[in-house]
1. Just add up the charged neighbours of residue 168: K/R +1, D/E -1, any other residue whose Cβ is under 11 Å from the Cβ of residue 168.
2. Order these peptides, 36-42, 225-231, by their mean beta-carbon neighbour count within 10 angstrom, highest first.
3. Listed highest first by mean packing, meaning other Cβ atoms within 10 Å per residue, what order do 101-111, 181-191 come in?
4. Give, to the nearest whole percent, the P(r) tail of the chain beyond 26 angstrom, counting all Cα pairs.
5. In the neighborhood of residue 30, defined by Cβ-to-Cβ distances under 14 Å, what is the net charge if each Lys or Arg adds +1 and each Asp or Glu adds -1?
6. What number, in nm² with one decimal, is the all-direction average of the projected area of the convex hull of the alpha-carbon atoms of the range 114-178?
7. Less than 14 Å Cβ to Cβ from residue 155, Lys/Arg counted +1 and Asp/Glu -1: what total charge do the surrounding residues give?
8. Given contacts defined as C-alpha pairs under 8 Å and at least six residues apart, what's the relative contact order of the chain, whole-number percent?
Amino acid sequence: MKLRNVLDKGYVRLVDHMGSDLTVVNAARVSYAKESIELNEKDIRLIKFLAREGHTSPFRHSVLQFEIYAPLMVARQWWKYVVGSAHYEGTGDSLEAWNESSRRYITEEPTFYVPHEREWRSKPQNSKQGSGEVISWELGKKYTQELMSYIETGIEKYHEALAKGICAEQARLFLPAYGMYVRWYWTASLQSICHFLSQRLEHDAQREIQEYAQAIFKLVQDLYPVSIDELVKKRIDV
């Protein structure tokens, strides 16, 4: 399956990919003017060595492209990996690409993420960020209803502004931002994707972005089984 549904209305779709575990091996072996035709045990040991010793450049020769539909709060967390990729990979330039839909140009009906009654979480007890246990159903129901009411008001004002001739890039100011779904293309190297997975599959990552990381993992694990296994050491059970 090349598409995974996430949250209530979101998804991750694998659009395209280049390379395999063998690509990683041959990128490393070119230093000795050697090439493997089929992946063998010696090649697998080489991938394990590269991952263990931090020789990461061979993992950048495999590239994947995704289409993602997620709430803005998830997108803005995700964007940090594009900004940081140049420093993380040590290239001096980003190897990632990100192209996002813009409400300066489109006026399609806005869609929002609304947690269900049993999805609202409490504040953590010993941290300034993250979340704790699920709150009571009664309180969750109250805030689901209040959020839906707030969104409806924003949408009404948005359409009213458009109808009165206000440009789309300003009318969008009436839309509640963080829960609004946005769509983007993300193209990144295998190394960058594994770095994202290693951090966002962790138990203390925000739950919503964890679910997107799980979807990414399920889409890529069979494409690069050896590399994924070595580079994503701290993944949770997905």
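1. Summing Lys/Arg as +1 and Asp/Glu as -1 gives +1.
2. 225-231, 36-42
3. Highest mean packing first, the order is 181-191, 101-111.
4. 48 percent
5. So the environment of residue 30 carries a net charge of +1.
6. On the way: hull surface 21.0 nm².
If I average the Cα hull's projected area over directions, I get 5.3 nm².
7. -2
8. On the way: 348 pairs, mean separation 67.4, N = 238.
Reported relative contact order: 28 percent.
Bear in mind that the values in this text are calculations on the coordinates, not laboratory data. Treat the numbers as computed from the prediction; the structure is a model and nothing was measured. FYI the Cβ positions are ideal-geometry reconstructions off the backbone, even for glycines, and counts take in every protein chain you see.
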